[in-house]
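J.: This is the structure I have questions about; it appears just below.
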Amino acid sequence: MMMLSKRFKWSLYHVFTAGGAILLLYPVLWLVMSSFKQSERIFITAGSLIPSPWIWTNFREGWVGVGGYTFATFTQNSLIIVILSTIGAVLSSALVAFGF
C-alpha cells in the first residue's frame with residue numbers, strides 16, 4: 001500500500017475542513033444577505049446572495065416589532081428566561097453534587 005506524504009494529508013485535511021466550514025456557514029451568510037432584501041423578494045431571489053436593491057430600513061422596522069411589542073421586549077423576556085434557567089441549573093446541580 002502506497003503511503004501518502006504527511007504534507008499531502010495535511011493539505012487534504014485543510015481542503016476538506018475549509019469546504020465543510022463554507023458549507024456550514026452558507027446558511028448564515030444567506031440569512032445576513034437576505035436581511036437586506038425586500039421581504040417579498042427573499043425567496044424569489046433565493047439563488048442570488050447579493051440583494052438588488054439594498055434595503056437598509058429592515059433593521060429599523062424590525063426593531064419596532066409586531067403586535068405592539070418592540071424587539072426590546074422580546075430581548076428582555078429572553079434574558080429573564082436565560083437568567084432564571086441558569087440559576088435553576090446551577091442550584092439543582094449543586095444540590096445533586098452535594099448528594100454525591
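J.: Per the 1.4 Å probe, what fraction of the accessible area of region 21-100, in percent, lies on carbon and sulfur atoms? Let's see the in-between values first.
T.: Working: 5040 of 6580 Å².
Carbon and sulfur atoms account for 77 percent of the accessible area of region 21-100.
J.: Could you tell me which label, among [x] 26, 20, 12; [y] 38, 35, 8; [z] 20, 18, 14, carries the value of semi-axes √(5λ) of the Cα gyration tensor in Å calculated for this structure?
T.: The calculated read-out lines up with [y].
J.: How large is the charge dipole for the chain, taken about the Cα centre, if only the Cβ atoms of Lys, Arg (+1) and Asp, Glu (-1) carry charge, to the nearest 20 debye? Present the calculation step by step, with values, prior to reporting the outcome.
T.: Values: 6 positive and 2 negative charges, 103 e Å.
It works out to roughly 500 debye.
J.: Just from its helices, what would the mean residue ellipticity at 222 nm be for the chain, if runs of 4 or more DSSP H residues each count -39500 (n - 2.57) and the sum is divided by every residue, rounded to the nearest 500 deg cm²/dmol?
T.: On the way: 3 runs with 65 residues, N = 100.
Result for the chain: -22500 deg cm²/dmol, rounded to the nearest 500.
J.: If you don't mind, there's one more thing I want to ask. Rank by packing, highest mean first: peptides 30-39, 17-26, with packing defined as the count of other Cβ atoms within 10 Å averaged across residues. Present the calculation step by step, with values, prior to reporting the outcome.
T.: Working: 30-39: 14.2, 17-26: 9.9.
Listed from highest to lowest mean packing, they are 30-39, 17-26.
J.: Distance from the Cα centre of region 22-36 to that of region 81-100, in angstrom?
T.: Cα centroid to Cα centroid, the span is 36 Å.
The values are calculated or read from the model by the stated rules, or taken from the named source; none is laboratory data. The shown structure was predicted, so the numbers you read here are calculated from the model rather than taken from an experiment. All Cβ positions, even for glycine, are placed from backbone atoms using ideal geometry, and neighbour counts span all protein chains on display. These area figures cover heavy atoms from the full protein model, side chains too; ligands, DNA and RNA do not enter into them. Shrake-Rupley method; radii C 1.70, N 1.55, O 1.52, S 1.80 Å.
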